[in-house]
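Asks: Got a structure for you, written out below as structure tokens; questions coming shortly.
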Amino acid sequence: MFILEKLAQYARTERTAIVYGEDSLSFAALEQRSNAFARYLLDTLADDHTPVMIYGHKELAIPACMFGCLKSGRGYVPVDTTFPPERVQRIAEQVQPKLVVDLAGCGVKAPTVLDAAALEQVLSLPAETVSRENWIAPDQTAYILFTSGSTGTPKGVQITAGNLAAFREGVAPWFNLGLDGGRFLNEISYSFDVSVCALYDALGRGMTLYTVDKQMLGDPKTLFAALRQSGIDAWVSTPSLAEICVQSEQFTSQLLPQVKQFVFCGEVLTKKLTEQMMERFPGVPILNAYGPTEATVLVTAAEMTKDMLQSDRPLPIGYAFENVAARIVSDSGAVLPDGEAGELLLVGESVSPGYFGRPDLNAKSFFTDEETGQQGYHTGDLCYRLNGLIYYCGRLDSQVKLNGFRVELEDVEHHLVRVDNIARAAVLPVMTDGKVTSLTAFVLLEHPDGLSSLKRGQAIKAALAGVLPSYMIPRKFIALDAFPLNTNGKVDKKSLAALL
Ligand code: AMP
């Protein structure tokens, strides 16, 4: 597998692989520690290839565990600490891991659980290079990322080593990353697929990952001090992170003098942000890139231009990568002519084989392309194409992106009606400048609770905090005496939207 070959190659240099605060890890140490972990997995799990679950945030040990898994022919399931223990448990119930690396006390039970101290002992063991025969094969699952599912149970997107190779090939012409080192911003949680750009593309080119954790992200002073020190050459993030940064006047090319490219992905890139970025970082190319986790990180990209800013259209999400067929189809599945909006279908080697253990969902979302025999995916995104460029017009379902996080509104509703005294719930996105900025929940109580809306909101938030990641928790709760209904008896969300 390309990344494992590259790690071995850079391990023979003096290069640093990852910087995190005062700590750092050289490529040589990453190679040694991932070998030690692979050897341990081969000895402990033998022929059992169940993926290894890794619970933590940005710890330096995590990439060593991930690459160790791949070297031993196993996949991994990274679960970030933003997931509360109950949700982690639901993931564990699906994966049934034999080995869990628990760096932050998620409490999942498995035949072997390594906490930080036990893991450190394993990673410090001297280990020979693991023979390539043990490495993960192209059709084997390299990682599973769990994302919001409309039934309230997270769904695990399986990505194979072959999918990753296709992604790397597809994105290569778009990323302006050199082969002579440099620094790459490493701020995305490892349980979100944009982090693959850092782990596979940047490390695979011998770059140093400069880590920014969620605590640093939450404190502008620390964040800016970190960015000033970072010396990063390449920035890949959601627009939301840049939106936070541009609020400060410090966010200019003086802060990041080396940066050669900004790549924004994961959610709508607004013209306002693009204009601000062009002003603050004159001459630095800005790319809008798009892709669902199910098609391995990114499948389209384009550099944003002044002409695009002046046009009446939204900014395009880009041109399809060479190795991805992006088709826009009508409800009946007919390919639509340029300019007509329909669902975007993706076909190619980077499309996931499906959700882990969910044939029901796979039958709905994935298909085999009749022409090529390749795997295809229904994105649920409404798009149209003009002159090769694809434009995004919104979702066909109730999935939203909030601060770059993927949220199924039905997932939140599912958990709300399990909160004490809530009979019915409807969650709506609050939009500002064409972007979702928060969620509001309408609730129907089983019986009056005598609470002020503030106290009720606090109580519901506290109940949800045990089951949902913080980014999925609505900001506002509005109790209604009755829900407006459509003629088909479903909650009339249009009428509710008028109450926002
Ligand atoms: P995720 O799997 O979390 O990366 O979410 C994928 C979804 O995010 C896509 O199906 C789109 O709905 C949305 N998305 C990703 N990139 C963009 C973009 N550049 N512009 C608009 N929406 C995007």
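Asks: Could you check how many residues of the range 384-399 are surrounded by 22 or more Cβ atoms within 10 Å (Cβ to Cβ) and within 10 Å of the ligand (Cβ to nearest atom)?
Replies: Looking only at that region, the number is 1.
Asks: Can you tell me which of D193, D201 is part of a loop (DSSP other than H, G, I, E, B) and either over 20 Å from the mean Cα position of the chain (by Cα) or closer than 26 Å to V351 by Cβ (or both)?
Replies: Values: D201 fails: part of a loop (DSSP other than H, G, I, E, B).
Exactly one residue qualifies, and that residue is D193.
Asks: Looking at the range 409-500, what helices (runs of 4 or more DSSP H) fall wholly within it and have at least 1 residues that are closer than 27 Å to P314 by Cα and under 25 Å from the mean Cα position of the chain (by Cα)? Lay out the reasoning, then the answer.
Replies: Working: elements: 409-416, 453-465, 493-497.
Per the criteria, 409-416.
Asks: Go through the range 453-500 and give me each residue that's without any contact (Cβ under 8 Å) to a residue 12 or more places away in the chain and within 17 Å of D420 (Cβ to Cβ).
Replies: If the condition is that a residue be without any contact (Cβ under 8 Å) to a residue 12 or more places away in the chain and within 17 Å of D420 (Cβ to Cβ), then K455, Q458, A459, A462 are the ones that fit.
Asks: Let me ask you something else. Just to be sure before I move on: is V351 buried (at least 22 other Cβ atoms within 10 Å of the Cβ), within 14 Å of the ligand (Cβ to nearest atom), of a type in the set (A, V, I, L, M, F, W, C) and outside any helix (DSSP H, G or I) in the structure I sent? Show your work before the answer.
Replies: Working: buried (at least 22 other Cβ atoms within 10 Å of the Cβ): yes; within 14 Å of the ligand (Cβ to nearest atom): yes; of a type in the set (A, V, I, L, M, F, W, C): yes; outside any helix (DSSP H, G or I): yes.
Criteria met by V351.
Asks: Need pairs with beta-carbon distance below 8 Å; first residue farther than 9 Å from Q158 by Cβ and within the range 352-364, second assigned to a helix (DSSP H, G or I); sequence gap 6+ or separate chains.
Replies: If the second residue must be assigned to a helix (DSSP H, G or I), the pairs left are G357/Q94.
Asks: Need pairs with beta-carbon distance below 8 Å; first residue in contact (Cβ under 8 Å) with a residue 40 or more places away in the chain and farther than 16 Å from G394 by Cα and within the range 325-341, second part of a loop (DSSP other than H, G, I, E, B) and of a type in the set (A, V, I, L, M, F, W, C); sequence gap 6+ or separate chains.
Replies: Sorted first by the residue in the range 325-341, then by its partner, the pairs are A326/V299.
Asks: Quick one: count up the residues across the range 270-287 that are in contact (Cβ under 8 Å) with a residue 60 or more places away in the chain and either within 14 Å of the ligand (Cβ to nearest atom) or of a type in the set (A, V, I, L, M) (or both). Please lay out each step first, then the result.
Replies: The initial filter retains those residues of the range 270-287 that are in contact (Cβ under 8 Å) with a residue 60 or more places away in the chain, namely 270, 272, 285, 287.
Next, from what is left, pick out any that are either within 14 Å of the ligand (Cβ to nearest atom) or of a type in the set (A, V, I, L, M) (or both): 270, 287.
Result for the range 270-287: 2.
Asks: Next question, about the same structure. Specify which of the listed residues (Q215, Q250) is out of contact with any Gly (no Cβ under 9 Å at 6 or more places or on another chain) and within 30 Å of Q399 (Cα to Cα). First the steps, then the outcome.
Replies: Working: Q250 fails: within 30 Å of Q399 (Cα to Cα).
It is Q215.
One line per residue, one yes/no per condition, for (1) aliphatic (A, V, I, L, M); (2) within 30 Å of D381 (Cβ to Cβ); (3) surrounded by fewer than 21 Cβ atoms within 10 Å (Cβ to Cβ); (4) touching a residue at least 40 places away in the same chain (Cβ under 8 Å):
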residue	(1), (2), (3), (4)
D193	no, yes, no, yes
M207	yes, no, no, no
T222	no, no, yes, no
Q261	no, yes, yes, yes
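Asks: Additional query: So is T432 modelled with pLDDT of 95 or more, under 29 Å from A497 (Cβ atoms) and within 16 Å of the ligand (Cβ to nearest atom) or not? I'd like the intermediate steps shown before the answer.
Replies: Numbers: modelled with pLDDT of 95 or more: no; under 29 Å from A497 (Cβ atoms): yes; within 16 Å of the ligand (Cβ to nearest atom): yes.
No: the conditions fail for T432.
Asks: Quick one: would you say F184 is in contact (Cβ under 8 Å) with a residue 40 or more places away in the chain, crowded, with 23+ Cβ neighbours inside 10 Å and within 30 Å of A426 (Cβ to Cβ)?
Replies: Values: in contact (Cβ under 8 Å) with a residue 40 or more places away in the chain: yes; crowded, with 23+ Cβ neighbours inside 10 Å: yes; within 30 Å of A426 (Cβ to Cβ): no.
Spelling it out, it is not the case that F184 is in contact (Cβ under 8 Å) with a residue 40 or more places away in the chain, crowded, with 23+ Cβ neighbours inside 10 Å and within 30 Å of A426 (Cβ to Cβ).
Asks: Does the range 5-60 hold any residues that are under 20 Å from V95 (Cβ atoms), surrounded by 19 or more Cβ atoms within 10 Å (Cβ to Cβ) and small (G, A, S), and which are they?
Replies: A38, G56
Asks: Can you tell which of A110, A166, A104 is over 13 Å from M53 (Cβ atoms) and more than 16 Å from the ligand (Cβ to nearest atom)?
Replies: Being over 13 Å from M53 (Cβ atoms) and more than 16 Å from the ligand (Cβ to nearest atom) holds for just one of A110, A166, A104, which is A166.
Asks: Can you tell me which residue is surrounded by the fewest Cβ atoms within 10 Å (Cβ to Cβ) among those in the range 288-340 that are away from the ligand (no atom under 13 Å from the Cβ), closer than 26 Å to A172 by Cα and β-branched (V, I, T)?
Replies: The qualifying residue surrounded by the fewest Cβ atoms within 10 Å (Cβ to Cβ) is T305.
Asks: I need the full set of residues from the range 93-144 which are of a type in the set (G, A, S), closer than 17 Å to R39 by Cα, modelled with pLDDT under 95 and surrounded by fewer than 18 Cβ atoms within 10 Å (Cβ to Cβ), in order please.
Replies: If the condition is that a residue be of a type in the set (G, A, S), closer than 17 Å to R39 by Cα, modelled with pLDDT under 95 and surrounded by fewer than 18 Cβ atoms within 10 Å (Cβ to Cβ), then S131 is the only one that fits.
Asks: Separate question: Taking the range 247-267 only, how many residues are within 16 Å of the ligand (Cβ to nearest atom) and closer than 17 Å to E303 by Cβ? Steps first, please.
Replies: Of the residues in the range 247-267, the ones within 16 Å of the ligand (Cβ to nearest atom) are 261-267.
Cutting the leftovers down to closer than 17 Å to E303 by Cβ gives us 261-265.
Adding up the residues that qualify gives 5.
Asks: For the range 83-98, check the following and say yes or no: at least one residue is of a type in the set (S, T, N, Q), in contact (Cβ under 8 Å) with a residue 40 or more places away in the chain, within 22 Å of V157 (Cβ to Cβ) and in contact with a strand residue (DSSP E or B) (Cβ under 7 Å, 6 or more places away or on another chain).
Replies: We begin by selecting, within the range 83-98, every residue of a type in the set (S, T, N, Q); these are 89, 94, 96.
Retained after the next criterion (residues that are in contact (Cβ under 8 Å) with a residue 40 or more places away in the chain): 94, 96.
Applying the additional criterion that residues be within 22 Å of V157 (Cβ to Cβ) yields 94, 96.
Still in the running and in contact with a strand residue (DSSP E or B) (Cβ under 7 Å, 6 or more places away or on another chain): 94.
Yes - at least one qualifying residue is present in the range 83-98.
Asks: Show me the strands (runs of 3 or more DSSP E) entirely contained within the range 95-157 in which 1 or more residues are under 19 Å from G357 (Cβ atoms).
Replies: 99-102, 141-147
Asks: Counting just the residues of the range 145-163 that are more than 16 Å from the ligand (Cβ to nearest atom) and among the small types (G, A, S), which one comes out surrounded by the most Cβ atoms within 10 Å (Cβ to Cβ)?
Replies: So in the range 145-163, the residues more than 16 Å from the ligand (Cβ to nearest atom) come out as 151-153, 160-162.
Those still in the list that are among the small types (G, A, S) too: 152, 161-162.
Values: G152: 20, A161: 23, G162: 19.
Filtering the range 145-163 for residues that are more than 16 Å from the ligand (Cβ to nearest atom) and among the small types (G, A, S), the one surrounded by the most Cβ atoms within 10 Å (Cβ to Cβ) comes out as A161.
The values are calculated or read from the model by the stated rules, or taken from the named source; none is laboratory data. Please read all numbers here as calculations on a predicted model, not as lab measurements. Cβ: placed from backbone, ideal geometry, glycine included. Neighbour counts: every protein chain shown.
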